[in-house]
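The values are calculated or read from the model by the stated rules, or taken from the named source; none is laboratory data. Predicted, not measured: the structure shown is a model, and the values here were computed from it. A quick note on method: Cβ atoms are made from the backbone with ideal geometry, for glycine too, and the neighbour counts reach across all protein chains shown. For the accessible areas, the whole protein counts, side chains as well, though only heavy atoms, and no ligand, DNA or RNA atoms are used. Shrake-Rupley method; radii C 1.70, N 1.55, O 1.52, S 1.80 Å.
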Amino acid sequence: MSTPFAAPFVQNIEANRTVKDELTSALRRPSARRRTSVTDLLNPRQAFFRRTRPDIQPSPDRQQSMLAGTGFHAAFGAAVSTEEFVEQYVEFEGIVGKIDIYEDAPVELKTTAALPEGLDAARPAYVDQLAMYCAMVDVPRGHIVVYGRAGPQRAARLRAFAAEFADLDGIRAQMRRRRDLLQHALATGDPAGLPRCEWFDRGCDYQQVCGCGAAPPPDRVTPPGSFALRPDPALESVLAAQVPPSPRPAGVRLTDLVFPRRSAYARLSPGEDEEEDADARLRDLERRGFWDSLYETLRFGLPGAFRRVPVRLRSLADRIDTFRGLPTVLRISRLFEMVERRRIPYALGHVVDRLAFACALVGSETGRLVVYYERLGDKFMVYDIHFRDLPQIHAEADRRLALLEAGAPPEQLPPCPPWMVRTCPFAPRCGCGGVPA
């Protein structure tokens, strides 16, 4: 197996705890809460402690999982709908909410690690939340879309349900009652009248202080018999078909220098590598969920720290992300354990190659790598990588670009990493990964 190009040029790797902690703080930074939200009404007791005990923060794993779900909602909503209908803000008598998609009827998106079978996939809290949105906009029907994330022993799945609510007035009365109970508890500092939440004895962040054990039992916004729920396989098919494939940028980009052989084959057979089934597109949206949240934090969480720097080398035109002046690459790792620092140039060779080329093009001997380990509870690490001999790295970038510009046969270009062979549309003729061309 060949050594990744940039590995011999890596001089030193440091785990940058300062930047990681800054990003973690920015990710967790709460927004100001002034009004009661639909989410508050699902579990008013938990909402009480979320407001009154800001010192209790979700664990990093839980926080990052929540961000992954938030990012997936945004990415999925944008993929299947339009700006006019995604994340619609609604109000009702001092209660606010944000409907994931609302065109003719509210659509509520949910992500879960374990997707139950049948109607149980539309959990009671999902139905109650959709019911409140329907009551707020006075539409008696809506949809729940549940995405079950892929795992080591399970495939990703998308389920859709149609719901009909017979008593919108009753739902609105429940909303007022819960709103008043929560506001009274906040005003008096006493949660005694608030019902036990659904997370009781299930790992709630506030379980040491919430007193749920002695709280009144929870009730439903939508009691049995007040709604109808049925699977909607037609909607599942429509939504899955609407998720677009991952975009392919035009022209020569840094990615083409990292995977030049695949790029050469793509130029010889345009369109051949664009096939991507619906499941793969959904998994890509899921993976981008926390990535999007982390990338947004890099861009906007620390004012003035992020810039995008244009670079050009003949026909190559791209932009390089920089954070605090250093070229920065954010990547997803699907490995089951964190990579030892000394192994990063080999285990994540293609990522380090990209960072090396970016550093050479802007003349920086140090680059910053942010790795999101999605299979480890959505953990991430920040590494500062120091390179030696930038002119040699620049010369290799120039050589690969010249071969691509000249239309050289793919076999004359460096092969892609072996792991790409499993999903590459040009395998096995590509000859990468030790597979004969």
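Each peptide in 4-16, 128-140 receives the mean, over its residues, of other Cβ atoms within 10 Å, and ordering these scores from highest gives 128-140, 4-16. Accessible area per residue for region 317-408, computed on protein heavy atoms with a 1.4 Å probe, is 41 Å².
Of the peptides 303-311, 331-339, the order by per-residue mean of other Cβ atoms within 10 Å, starting with the highest, comes out as 331-339, 303-311. Distance between the 7 Å Cα→Cβ label points at residue 395 and residue 299: 3.8 nm.
For residue 110, a cut-off of 16 angstrom between C-alpha atoms picks up these lysines, skipping any fewer than 8 places away in its own chain: 98. Solvent-free Debye calculation, one equal scatterer per alpha-carbon of region 378-437: log10 I(q)/I(0) at 0.20 Å⁻¹ equals -0.90.
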